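**Q** The structure that follows is given in the form of C-alpha cells.
Please treat every number below as a calculation from the coordinates, not as lab data. Please read these numbers as outputs of a predicted model, since none were measured by experiment. When we count neighbours, we look across all protein chains shown, and the Cβ atoms used for this are built from the backbone with ideal geometry, even at glycine.
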Amino acid sequence: NSKVIQTPRYLVKGQGQKAKMRCIPEKGHPVVFWYQQNKNNEFKFLINFQNQEVLQQIDMTEKRFSAECPSNSPCSLEIQSSEAGDSALYLCASSLSSTGQLYFGEGSKLTVL
Amino acid sequence: QQKVQQSPESLSVPEGGMASLNCTSSDRNFQYFWWYRQHSGEGPKALMSIFSDGDKKEGRFTAHLNKASLHVSLHIRDSQPSDSALYFCAASGLTGNTGKLIFGLGTTLQVQP
C-alpha cells in the first residue's frame, strides 16, 4: 500500500478553471517530486523539492503551473488555468535523498473538459 | 527522441515462463538505472536499481547493466499473473544530479495463466 498520499484521486475541470492537487510525502522523506504521466505513458518531470526548497523545475514559462512544499503542510501542485492538454495523471513521489528510490503515490487523475 | 528507449512495447508470456525486458539510453550521462512497475490504477513502484556493470538479482528478478552500451535489461523468471503490469526503465545522470529521473515509455507485460 502506498504511503505517499495524494488527493484528490480524480478531478474534472473545465478549460480555464483552476486545478489543485495535494501530496503528503512518506514520513521522514525530505525530497518530493511531481511528475505528469500522459495517456501515452510519457512521464514529464515537473519539479522537485528538498526540505521546501526547489531543487529543479521545468521551464514553467506558461506560468500556469505552480508548486510548493511548505513545512508542516501537504505539498501542492496547482494549475491556474487548465487546458485540455493538461489532462493526465499527476504523480507525487518522495524519497530519502535526491538520488534515492522514489516512492510514488496513486496519483491524481485530471480531466479537463 | 526518447533518451530512454524500451523494447518490446508489449510482451506476453505463459505463467511460469521467463519475461525479458530491454532498455537503452542514448545519453552517456545516464549511469544510474531503475526499474519501476505500475499496475493499472496505481502509482509506479520501484522493483530494483542497478548502478554497476553486471547482474543484480532480487528474488525472481534479475537486472543486467552494460554501461559501455548503455543497455539494461530486466528478466523475470517464473512469471506470475500478478506480474502483469506496465514496466518502466528510468535513468538518471552523473553530473548535476538532482534526482530527476528520465523514464522510458514502458513495456506492457501480460502473463497468461
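**Q** In straight Cα distance, which aspartates and glutamates are under 13 Å from A:Lys3, not counting same-chain residues fewer than 8 positions off?
**A** Straight-line reach from A:Lys3, under 13 Å: A:Glu26, A:Glu106, B:Glu42.
**Q** Suppose R0 equals 41 Å. What FRET efficiency, 1/(1 + (r/R0)^6) with r the Cβ-Cβ distance, do A:Glu68 and B:Ser82 give to the nearest 0.05?
**A** The formula returns an efficiency of 0.65 here.
**Q** Could you work out the relative contact order of segment B:1-52? I mean the mean sequence separation of Cα pairs under 8 Å and 6+ apart, divided by the number of residues, in percent.
**A** 28
**Q** Given the pairs A:Lys109/B:Lys100; A:Lys27/B:Lys56; A:Lys27/B:Lys100; A:Lys20/A:Lys44; B:Lys56/B:Lys100; A:Lys20/B:Lys100, which are separated by over 27 angstrom at their Cα positions?
**A** Exceeds cut-off: A:Lys27/B:Lys56.
**Q** Shifting gears a bit: Using Cβ contacts closer than 10 Å as the measure, can you line up A:Glu83, B:Glu42 from fewest to most?
**A** Neighbour counts put them in this order, fewest first: A:Glu83, B:Glu42.
**Q** Same structure, new question: At a Förster distance of 22 Å, what's the computed FRET efficiency of B:Lys45 paired with B:His71, Cβ-Cβ distance as r, to 0.05?
**A** 0.40
**Q** A:Ser66: net charge of surrounding residues, Cβ under 10 Å, Lys/Arg +1, Asp/Glu -1, itself excluded?
**A** Charge balance in the 10 Å sphere: +1.
**Q** Can you put B:Met48, A:Met21 in order, fewest other beta carbons within 10 Å first?
**A** Starting with the residue having the fewest Cβ neighbours, the order is B:Met48, A:Met21.
**Q** What shape does segment A:21-68 have by the C-alpha gyration tensor, where a ≥ b ≥ c are the square roots of the eigenvalues, rounded means a/c under 1.5, and otherwise prolate means a/b greater than b/c and oblate the rest?
**A** Oblate is the answer for segment A:21-68, as a/c is 1.5 or above yet b/c matches or exceeds a/b.
**Q** Please order A:Cys23, B:Cys89 by the number of other Cβ within 10 Å, starting at the fewest.
**A** Exposure proxy ranking, most exposed first: A:Cys23, B:Cys89.
**Q** I would also like to ask the following. Could you compute the net charge surrounding A:Gln37? Neighbours are other residues with a C-beta less than 11 Å from the C-beta of A:Gln37; K and R count +1, D and E count -1.
**A** +2
**Q** Tally Lys/Arg at +1 and Asp/Glu at -1 over every other residue whose Cβ is under 14 Å from the Cβ of B:Gly43; what's the total?
**A** Result for the local shell: +2.
**Q** Using the Karplus curve 6.51 cos²θ - 1.76 cosθ + 1.60 with θ = phi - 60°, work out ³J(HN,Hα) for each residue of segment B:79-89 in order, rounded to whole Hz, and write x for Gly and Pro.
**A** 4, 10, x, 5, 7, 4, 4, 9, 10, 10, 9
**Q** Compute from the Cα atoms of chain B the Rg and the Dmax, the latter being the longest Cα-Cα distance, and quote both in angstrom.
**A** Considering chain B through its Cα atoms, Rg and Dmax are 13.5, 45 Å.
**Q** Around B:Leu105, which amide H atoms from residues at least 5 apart in sequence, or from another chain, sit under 5 Å from its own amide H, with H modelled in the peptide plane?
**A** Hits under the 5 Å cutoff: B:Gln6.
**Q** Alpha carbon centre of segment B:11-84 versus segment A:79-113: separation in Å?
**A** 23
**Q** Per the Cauchy relation, a quarter of the hull surface: what is the mean projected area of the convex hull of the alpha carbons in the protein assembly as shown, in nm²?
**A** Directional mean of the projected Cα hull area for the protein assembly as shown stands at 12.5 nm².
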